Protein chains: 2
Amino acid sequence: MQPSPRATIRDVAARAGVSVATVSKVINDRYGVSEQTAAHVREVIAELGYEASLVAQSLRNHQTNVIGILVADLEPFSAELLKGAGDAIRGTGFELVVYSAGGRVGGHVGWEQRYLSRLSGTLVDGAVLVTPTVVGVNYGAPVVAVDPHTGPAGQPTIDSDNVTGARMATAHLITLGHRRIALLGGRPDLLSAQLRERGFRQAMAAGGLPVEEELVRIGEYDPEVSAAQARLLLALPDRPTAVFAGNDLSAIATMRVADELGLRVPDDLSVVGFDDIPEASQCSPTLTTIRQPIREMGSRAVELLIGLIRGAEEPADTHIMLPTSLVVRNSTRAPAGLPPQDRSTS
Amino acid sequence: MQPSPRATIRDVAARAGVSVATVSKVINDRYGVSEQTAAHVREVIAELGYEASLVAQSLRNHQTNVIGILVADLEPFSAELLKGAGDAIRGTGFELVVYSAGGRVGGHVGWEQRYLSRLSGTLVDGAVLVTPTVVGVNYGAPVVAVDPHTGPAGQPTIDSDNVTGARMATAHLITLGHRRIALLGGRPDLLSAQLRERGFRQAMAAGGLPVEEELVRIGEYDPEVSAAQARLLLALPDRPTAVFAGNDLSAIATMRVADELGLRVPDDLSVVGFDDIPEASQCSPTLTTIRQPIREMGSRAVELLIGLIRGAEEPADTHIMLPTSLVVRNSTRAPAGLPPQDRSTS
DNA sequence: GCTGACAACGAAAACGTTATCGATAACGAT
DNA sequence: ATCGTTATCGATAACGTTTTCGTTGTCAGC
């Protein structure tokens, strides 16, 4: 017993003894059909288990009620962002489809364009681009960028306050009494990495501390690369007493390296991360970090996008910047020899 | 300068001086058009930047070339599975759309049905269900289940060898010399949790060890719940020297609790997990665990599904079971007082 | 009993494709 | 010249909707 090949609007019309136009009106709550017949049609619809074909509707209406979200890879940050996007989309009548480039982006600028040209206007009504390498391109469909590589220009953008966050992280370490503070930066081509480095330097300057370039490394936001750099840092003759890592993944990798080398966190080394991904509160020791409201960034992105799709005339350079905050956990402490002082800075 | 409203096949036909039928044939490499005109049409297509409307094609062809993957939530396991699915789908001509229930499933049996009825036959050609609560339902479109709650029945299914995995994990601990071994099980309604408990009991029996029911707890695969249970376990007067956790998330939570209580892993407590999610090799200490080939499970699922969509007549009870393996890292050791022995069991 | 207004409904075009099938032309064989 | 064959191409119906607009019926008001 194979299932009957799916009822169409014509089947419903025939069965209810009305025209397809009437059925359509009932479905869409359009004016011009008596409550009596409407009720009857609804009965038949339920009886047949009819559901309108999204494909046909899309063709007719020139919109698919689907929005796409493009990510380079599904690391914890993207996954968290997806959750936020998923939260925001519920109840809006839109569906969310996720495209992952599967991590094979590899510094390839413009990966998102390949996807979007195929998709836009035919499969999705708009898209959220996560960490796009290119902004300002006209894709023929609304697009909002989250945490883009390049500065906000031409496209609505969402990110968090990277500069202030980095400043808070560094100030926290300085307040604890650290003086030799290393920076394990992100990928230099990413705007967020540049901003975090800027915040770091600002805080160091404000604290009257010189930035020793020897202690500024590039971890590329990647656990492997960061681990290698951490190994170098901690092998230095006059090694840093604290590390500010560009993201939590790097920070966790750093803590692991410290552990391998017999250094205890936070006793021998303080570590601060950035992002506050779920793992930050799970690992041991739990990680002091800068919280980005990742989920909210996801939510706001789809809300903004849906607004654009519905025709809202946002200025092209809308830029939503969400606040960051310091979350103090167990990976930071005053350096050996100093009594612990202030623990709250934010 | 707004973008011209997207070229249609008719525009191409007009510009190239041929009929739409001919253009269609060129696009789909159908027989019946001379190489000359084909070349010319291709030129015009490039010139206009024409891309066929996926929506119109879907309506006409009764297939969307999209497959859906439904997950309850985006925890690390699902995310990893998605990557595998993404790998497998590249180059097949299918697109992958991800639906996440956003974690609000909450033991609600049948959440997947709501989604699928709207989707199948209209937005997707088939679907992969991750950890579905219901199997054997006819959705009118091909479906394959990954790691289902209930036993394999009526639907092609993919999972890993949970029983053997759990047996290996437990045997590893027994070989190290542990005798008081606790089980921090998963959600009792999940088949995988039941099978892992079975494997645990088999290994204990094989080792001649009694299972003390006091040491068998339910962690529900959830970090919070597991942490609470771990606290109880480790506060026991005669506390276990080793814990076999139902998944890595629980194992990591257990290690954190141990840390809080001043117990050192692996010196004072050995911990084994299950899954081998990326975090398992990142945390400190790194986690001894049972590796499930999660990505491969994702790949195999979409391969199987695409086969079904293409008309392959798989028997409805196809059941692919992938092997598990023991990965020994730094969270296990012989109990205090005993010299370390065998470290390799697999 | 007419007219006008209004509510309820349906016929048909359109959205952008693809498949079928008939039309035309070219050409070799009879 | 006629026929059959083959290669190339185009007109058209269909896929399942929505929307426009015309048709019909009803009824109040004169």
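A few comments on the model shown:
- Test: residue in the range B:54-63 that is more than 9 Å from DNA strand C (Cβ to nearest atom) and either in contact with a Gly (Cβ under 8 Å, 6 or more places away or on another chain) or modelled with pLDDT of 95 or more (or both): no
- Hits in the range B:287-301 (condition: open to solvent by less than 10 Å² (accessible area, probe 1.4 Å) and out of contact with any strand residue (DSSP E or B) (no Cβ under 6 Å at 6 or more places or on another chain)): B:I294, B:G298
- In the set (1) more than 16 Å from DNA strand D (Cβ to nearest atom); (2) among the small types (G, A, S); (3) at positive phi, the condition left unmet by A:G93 is number (1).
- Residues in the range B:54-101 that are among the small types (G, A, S), part of a loop (DSSP other than H, G, I, E, B) and crowded, with 19+ Cβ neighbours inside 10 Å: B:A72, B:A101.
- Some residue of the range B:302-320 being open to solvent by less than 60 Å² (accessible area, probe 1.4 Å), closer than 24 Å to A:E75 by Cα and assigned by TED's automatic domain parsing to the domain that holds B:V128: yes
- Meets criteria (in contact (Cβ under 8 Å) with a residue 24 or more places away in the chain, within 10 Å of another protein chain (Cβ to nearest Cβ) and away from DNA strand C (no atom under 12 Å from the Cβ)) for B:L70: no
- Check on B:I306, within 22 Å of B:G68 (Cβ to Cβ), away from chain A (no Cβ under 14 Å) and assigned to a strand (DSSP E or B): no
- Hey, B:D29 within 11 Å of DNA strand C (Cβ to nearest atom) and out of contact with any helix residue (DSSP H, G or I) (no Cβ under 7 Å at 6 or more places or on another chain) or not: yes
- Of all residues making up the range B:120-141, the number that are surrounded by 24 or more Cβ atoms within 10 Å (Cβ to Cβ) and in contact with a Gly (Cβ under 7 Å, 6 or more places away or on another chain): 2
- Filter result for B:R114 (in contact with an Asp or Glu (Cβ under 7 Å, 6 or more places away or on another chain), more than 15 Å from DNA strand C (Cβ to nearest atom) and open to solvent by 50 Å² or more (accessible area, probe 1.4 Å)): no
- Filter pass, B:A38 being more than 13 Å from DNA strand C (Cβ to nearest atom) and surrounded by fewer than 19 Cβ atoms within 10 Å (Cβ to Cβ): yes
- Being buried (at least 18 other Cβ atoms within 10 Å of the Cβ), more than 21 Å from B:R256 (Cβ to Cβ) and either of a type in the set (S, T, Y) or outside the structural domain of A:L129 (by TED's automatic domain parsing) (or both) is a property that holds for A:V243.
- Filtered residue count, the range B:10-28, keeping only those that are open to solvent by 40 Å² or more (accessible area, probe 1.4 Å), closer than 20 Å to B:L54 by Cβ and within 10 Å of DNA strand D (Cβ to nearest atom): 5
- Extreme residue, farthest from DNA strand C (Cβ to nearest atom), among residues of the range A:43-53 that are open to solvent by 30 Å² or more (accessible area, probe 1.4 Å) and within 10 Å of chain B (Cβ to nearest Cβ): A:G49
- Within the range B:245-288, the set of residues being among the polar types (S, T, N, Q), outside any loop (DSSP other than H, G, I, E, B) and without any contact (Cβ under 8 Å) to a residue 60 or more places away in the chain comprises B:S281 only.
- Checking B:V66 against (1) near DNA strand D (Cβ under 9 Å from one of its atoms); (2) touching an Asp or Glu at 6+ places or on another chain (Cβ under 8 Å), the condition it does not meet: (1)
- Residue match in the range B:100-121 (condition: within 14 Å of chain A (Cβ to nearest Cβ), over 21 Å from B:P142 (Cβ atoms) and modelled with pLDDT of 90 or more): no
The values are calculated or read from the model by the stated rules, or taken from the named source; none is laboratory data. Just so it is clear, the structure is predicted and the values come from calculations on it, not from any experiment. Quick reminder, even Gly has a Cβ in these numbers, built from the backbone with ideal geometry, and neighbours come from all protein chains shown. All accessible areas refer to the heavy atoms of the entire protein, side chains included, with ligands and DNA or RNA removed. Shrake-Rupley method; radii C 1.70, N 1.55, O 1.52, S 1.80 Å.
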